[in-house]
Amino acid sequence: MLQSIHSTLAYVVLAALVIAIVNSFLGLSSKRNFEKKDRSFALIALIFSHIQLVVGLALWFTSPLGKAAMSNMSDAALRLTAMEHPLINIIALVLITMGWSKHKKEDSSNGKFKKIAYLYAIGLVLILSRIPWSLWFAK
């Protein structure tokens, strides 16, 4: 059940991040004021990303596959799901959280959009780099 939730929620997280990033880059390029809706887009992406992390960690700690894979790091597919995917996604979440935290300290709308756009985008690229695509497309 956790695997199903984690896989389904991944689509929501990716969509929320893309929306927040595109919105921030559009706000940055149009030099408009940072408004409540801009904050909401970024906050929703942040919340869903953190929920995904919690579900993923619960899955990692409870899955017998996760524990078994830790003893076989020579297998690239097992290493991806057991080590690289969780580690890189935690780093991505740190960057996304930094984007959220740093945008709150900015006074200018331009600065707020920049912090969210760039840090969320780097986080998204990291997430996309470690998705086990072969498992996604096998479904």
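None of the figures in this text is laboratory data; all of them are computed from the coordinates on show. A quick note: this is a predicted structure, and the numbers were derived from the prediction, not measured. Note that each Cβ is placed from the backbone with ideal geometry, even for glycine, and that neighbours are counted across all protein chains shown.
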Residue span SER108 to ALA15: 0.36 nm per residue of separation minus Cα-Cα distance leaves a gain in nm of 30.8 nm
Can you list, bin by bin at 5 Å, the percent of alpha carbon pairs in the chain, starting at 0?
2, 10, 19, 21, 16, 11, 8, 6, 4, 2, 0
Taking LYS102 as the anchor, which aspartates and glutamates have their alpha carbon closer than 18 Å to its alpha carbon, excluding any fewer than eight residues away along the same chain?
GLU35, ASP38
For the pair SER7 and LEU87, the simple spin-label estimate (label points 7 Å beyond Cα toward Cβ) gives in nm 2.6 nm
Computed lengthening from ARG39 to LEU128, 0.36 nm per intervening residue step minus Cα-Cα distance
29.7 nm
Using alpha-carbon positions, what is the distance between the centroids of region 86-139 and region 1-74, in Å?
8 Å
What is the helix-to-structure angle for 36-62, meaning the angle in degrees between its Cα long axis and the longest Cα principal axis of the chain, kept from 0 to 90 and rounded to the nearest 10?
10 degrees
What's the ranking of 96-104, 25-33 by average number of surrounding C-beta atoms within 10 Å, highest first?
96-104, 25-33
The computed P(r) of region 18-65 puts the percent of Cα pairs beyond 13 Å at 63 percent
